[in-house]
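The structure under discussion is supplied below as structure tokens; questions concerning it will follow.
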Amino acid sequence: MITIYSEDHRLHHGQYELIAGGFVPPFENPTRLDIIISRLKEKNFGEIKPPNEYGLDPILRVHTEDFINFLRTAYDEWYELHGGEKDAMPITWPTRHLRQVVPKGINGKLGYYSFDAATPITSTTWQAITSAVNVALTGVDLIKEGQRAVFSLCRPPGHHAAKDLYAGYCFFNNAAIATQAFIDKGAERVAILDIDYHHGNGTQAIFYDRSDVLFVSLHGDPDQEYPYFLGYKEEIGTGKGEGFNKNFPMPWGTLWPVYKDALDQGIDSIQNFKPDALVVSTGVDTFEKDPISKFKLKSENYLEMGNMIESLSLPTLFVMEGGYAVDEIGINTVNLLSGFEEA
Ligand SMILES: [Zn+2]
């Protein structure tokens, strides 16, 4: 399987995130991809290629122009106000009983366009997030050219980002942009299988009223787990999209047999949808030793997971999302891809 990868991911490396009442160095950091790349090489998994350039047009198909412009200039505006010692971070959000206005000042804009304080913007975040989109889109083109499966090793991840909202380490929704690109290049239906530990709230929101994209997500129950305010079972889509959104929330401590049963059901619904392509939002933070997650999957479970996904016999684009147990992130990611390839 070909992997698409760009060194530009390093240009996003925040100083802090807010978690459990304290500011700590971000769990989402460049070392994650170093470990995956070294495991891919160790296993001779296949060619590693740089991305092509696609510009902003494919991003505009999913995100709003004002949001894109905000991300492009956010750090410069922050620097002008606060100087350059700290990354740009919001402290106030337009929740209930406040207005959804876009303030002119950067502090207000950061709150308007985000929903957490885990997602710093640095002086070079823009270059990293546009490069991650190119990594995803290059995978789409290789599949259009006839590859059965491609691994787009994106960083930062994307599935928490909605059309005009960033958070959860995510800025542009790489998987959603790739999905839309498949459709713009002729696919009638595309399924997204989100196996990251956290609910893909951004992806769900982007496609919630659409019947040409089926979104299936397996994740920690939002009653207990981030992002808390989306990802419940009763969210099934709206309007034309009703029936095309399927959430499988599971409790803390979930083991492989329960997870496997949910994955079986998700795979069945993808099969019934008869998509032209599958995008897998690939997170391995379901692993038992993940420092911020609470499922209990083991490394060998990812082999079986890849095997099960392959049984759909679909052109498949794996788009990297989360996974923070840095020592094992390479083993688990490559196990997933090997399970697919060796099925
Ligand atoms: Zn996650």
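The values are calculated or read from the model by the stated rules, or taken from the named source; none is laboratory data. Computed from a predicted model, the values in this text were never measured in an experiment. Using ideal geometry, Cβ is built from the backbone for each residue, glycine included, and neighbour counts are taken over all protein chains shown. To get the accessible areas, we keep the full protein, side chains included, count just its heavy atoms, and leave off ligands, DNA and RNA. Shrake-Rupley method; radii C 1.70, N 1.55, O 1.52, S 1.80 Å.
How big is the antiparallel share of DSSP beta bridges in the chain, given as a percent to the nearest 5?
Antiparallel bridges: around 15 percent, rounded to the nearest 5.
Within the accessible area of segment 48-187, what % is carbon and sulfur when the probe is 1.4 Å and the other protein chains stay in place?
The value for segment 48-187 is 51 percent carbon and sulfur by accessible area.
Sketch the reach of a paramagnetic label on residue 228 as a point 7 Å from Cα along Cα-to-Cβ, and name the residues of segment 64-91 whose backbone nitrogen lies under 20 Å away.
Only 89-91 pass the distance filter.
Test of understanding: in a Gaussian network model of the chain with alpha carbons linked when under 10 Å, which of 189, 210, 96 would top the mean-square fluctuation ranking?
Residue with maximal mean-square fluctuation among 189, 210, 96: 96.
Residue 154's amide H: which non-local residues (gap 5+, or another chain) put their own amide H closer than 5 Å, with H modeled 1.01 Å from N in plane and none for Pro or chain starts?
Under 5 Å from the amide H of residue 154 lie the amide H atoms of 320, each far enough along the sequence or on another chain.
With every protein chain kept in place and ligands, DNA and RNA left out, what is the accessible area per residue of segment 130-220? Probe 1.4 Å, answer in Å².
20 Å²
Still on this model: Packing-wise, with mean Cβ within 10 Å as the measure, how do 135-146, 235-246 rank, highest first?
Result, highest mean Cβ count within 10 Å first: 135-146, 235-246.
Accessible area per residue for segment 259-342 in Å², computed with a 1.4 Å probe and the full protein assembly in place, what is it? Walk me through the numbers on the way to the answer.
Working: 2710 Å² over 84 residues.
Computed with neighbouring chains in place, this is 32 Å² per residue.
Which far-off residues, 5 or more places away or on another chain, put their amide H under 5 Å from the one on residue 246, with H placed in the peptide plane?
Excluding prolines and chain starts, which carry no amide H, the hits are 215, 216, 217.
Here's a follow-up. Taking the Cα centre of segment 241-343 as the origin, how large is its charge dipole in debye, to the nearest 20, when only Lys and Arg (+1) and Asp and Glu (-1) carry charge on their Cβ atoms?
240 debye
Using the Kirkwood radius over Cα pairs, work out the Stokes-Einstein diffusion coefficient for the chain at 25 °C and 0.890 mPa s, in µm²/s as a whole number.
The calculation lands on 124 µm²/s.
Highest mean first, what order results for 194-206, 258-270 on Cβ atoms within 10 Å?
In decreasing order of mean packing, 194-206, 258-270 become 194-206, 258-270.
With charges set only on the Cβ (+1 for Lys and Arg, -1 for Asp and Glu), what does the dipole of the chain come to about its Cα centre, in debye to the nearest 20?
300 debye
What distance in nm lies between label points placed 7 Å from Cα along the C-beta direction at residue 307 and residue 188?
3.3 nm
Sticking with this one: Roughly what percent of Cα-Cα pairs across segment 178-304 reach past 27 Å?
Cα-Cα pairs of segment 178-304 separated by over 27 Å account for 16 percent.
Check which residues have an amide H placed less than 5 Å from residue 166's amide H, if you skip close sequence neighbours.
114, 115
Once the dipole of segment 10-95 is set up with Lys and Arg at +1 and Asp and Glu at -1 on Cβ about the Cα centre, which of 20, 38, 91 lies farthest towards its positive end?
Of the options given, the answer is 38.
Same structure, new question: Could you tell me which of the pairs 49/104; 86/163; 104/233; 185/298; 163/294 are separated by over 31 angstrom between their Cα atoms in the structure shown?
49/104; 104/233; 185/298
Ok, one more. Report the full-extension gain for the segment residue 299 to residue 60: residue separation times 0.36 nm, less the Cα-Cα distance, to one decimal in nm.
82.3 nm
Calculate the length of the line joining the C-alpha centroid of segment 1-76 to that of segment 282-324, in whole Å.
Going from one Cα centre to the other spans 19 Å.
Another question, if that's okay. For segment 3-85, what is the accessible area per residue in Å² when the probe is 1.4 Å?
57 Å²
Now, a different point. Explain nothing, just the number: relative contact order of segment 93-215, from Cα pairs under 8 Å at least 6 residues apart, as a whole percent.
21 percent
Using alpha carbons only, how many degrees (0 to 90, rounded to 10) separate the axis of helix 299-310 from the longest principal axis of the chain?
Once rounded, one gets 70 degrees.
Can you order the peptides 280-289, 328-337 by their average number of other Cβ atoms within 10 Å per residue, highest first?
In descending order of packing, they fall as 280-289, 328-337.
In degrees from 0 to 90, rounded to the nearest 10, what is the angle of the helix 326-341 Cα long axis to the longest principal axis of the chain?
Taking Cα atoms only, the helix is inclined about 40 degrees.
Using only the alpha-carbon atoms, how far is helix 174-184 inclined from the longest principal axis of the chain? Give it as 0 to 90 degrees, nearest 10.
Roughly 70 degrees, rounded to the nearest 10.
Let me ask something additional. Can you tell which of 153, 110, 314 lies farthest toward the positive end of the dipole of the chain, using +1 and -1 charges on the Cβ of basic and acidic side chains (Lys, Arg; Asp, Glu)?
110
Okay, moving on. Can you give the charge dipole size of segment 32-136 about its Cα centre, rounded to the nearest 20 debye, using +1 on the beta carbon of Lys and Arg and -1 on the beta carbon of Asp and Glu?
Result for segment 32-136 is approximately 360 debye, rounded to the nearest 20.
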